[in-house]
Amino acid sequence: MPRIGKVSWGEVKIDGRNYHQVLIFGDQVIERRSDKLHELFGTTHQIGDWEKEKLLSGNPEIILVATGWSGLVRLDDGFKKELEKRKIELQTTLTPGVVKRYNQLIKEGKRVNALIHTTC
C-alpha cells in the first residue's frame, strides 16, 4: 500500500513522489483529472463518476476522503448510499489530518482507498 509522507497546500507526497490531488486505490496512485472535473462541475469539490469507480474498486473496507483545508469537498447522497449498500465505511477528514489517519489505517491492515483534495 502507498504511504503518505506529507501534505501541504496544493501538494501531497506519496512514496517520495509529489502530486497535486490524488486517488489512491489498492497499490495505485493517480492524479485527479482537475480539467475534467472543472468541465463537468466547474469545481474540483465534487467527485466524478470515474473517481467513484476507482474508490470502489478492489473491495475496500474504508474509503477515506480528505475534504480540503476548509472541508469543501462534498459527497453526494447516491454515493453514500452505495457505500452503505456495499458495507464500506466512509471516513472524512480535513486534509491536514489525512497523513496520520490514512497511515494509521494502513498500519492496522485495513484496505483503504482514498481521495485527497489538497486545496480549499
Practice task
Given the conditions (1) of a type in the set (Gly, Ala, Ser); (2) part of a helix (DSSP H, G or I); (3) over 13 Å from the mean Cα position of the chain (by Cα), report the number of the one that Gly97 does not fulfil.
Solution key: (3)
Fill in the blank from the handout: Filtering the stretch 99-112 down to residues that are within 20 Å of Ser8 (Cα to Cα) and in contact with a helix residue (DSSP H, G or I) (Cβ under 9 Å, 6 or more places away or on another chain) yields none
Fill in the blank from the handout: When the stretch 80-117 is checked residue by residue, the ones that are buried (at least 17 other Cβ atoms within 10 Å of the Cβ) and in contact with a Phe, Trp or Tyr (Cβ under 7 Å, 6 or more places away or on another chain) are Thr95, Val112, Asn113, Ala114
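From the list Gly10, Gly68, Gly16, Gly58, which one is of a type outside the set (A, V, I, L, M), surrounded by 19 or more Cβ atoms within 10 Å (Cβ to Cβ) and on the phi > 0 side of the Ramachandran plot?
Numbers: Gly10 fails: surrounded by 19 or more Cβ atoms within 10 Å (Cβ to Cβ); Gly16 fails: surrounded by 19 or more Cβ atoms within 10 Å (Cβ to Cβ); Gly58 fails: surrounded by 19 or more Cβ atoms within 10 Å (Cβ to Cβ).
Going through Gly10, Gly68, Gly16, Gly58 in turn, just one is of a type outside the set (A, V, I, L, M), surrounded by 19 or more Cβ atoms within 10 Å (Cβ to Cβ) and on the phi > 0 side of the Ramachandran plot: Gly68.
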Fill in the blank from the handout: For the stretch 14-26, pairs from a residue that is outside any strand (DSSP E or B) to a residue that is of a type in the set (Lys, Arg) and loosely packed, with under 15 Cβ neighbours inside 10 Å, with Cβ under 7 Å and 6 or more apart or across chains, are Asp15/Arg3
Fill in the blank from the handout: Residues of the stretch 30-46 being in contact with a Lys or Arg (Cβ under 8 Å, 6 or more places away or on another chain), surrounded by 15 or more Cβ atoms within 10 Å (Cβ to Cβ) and not hydroxyl-bearing (Ser, Thr, Tyr), in sequence order, are His45, Gln46
Practice task
Check whether at least one residue in the stretch 56-67 is modelled with pLDDT of 95 or more, among the small types (Gly, Ala, Ser) and touching a helix residue (DSSP H, G or I) at 6+ places or on another chain (Cβ under 8 Å), and report yes or no.
Solution key: yes
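The values are calculated or read from the model by the stated rules, or taken from the named source; none is laboratory data. Since this is a predicted model, take the numbers as computed values, not measurements. Cβ coordinates were reconstructed from backbone atoms using ideal geometry, including for glycine residues, and neighbour counts include every protein chain displayed.
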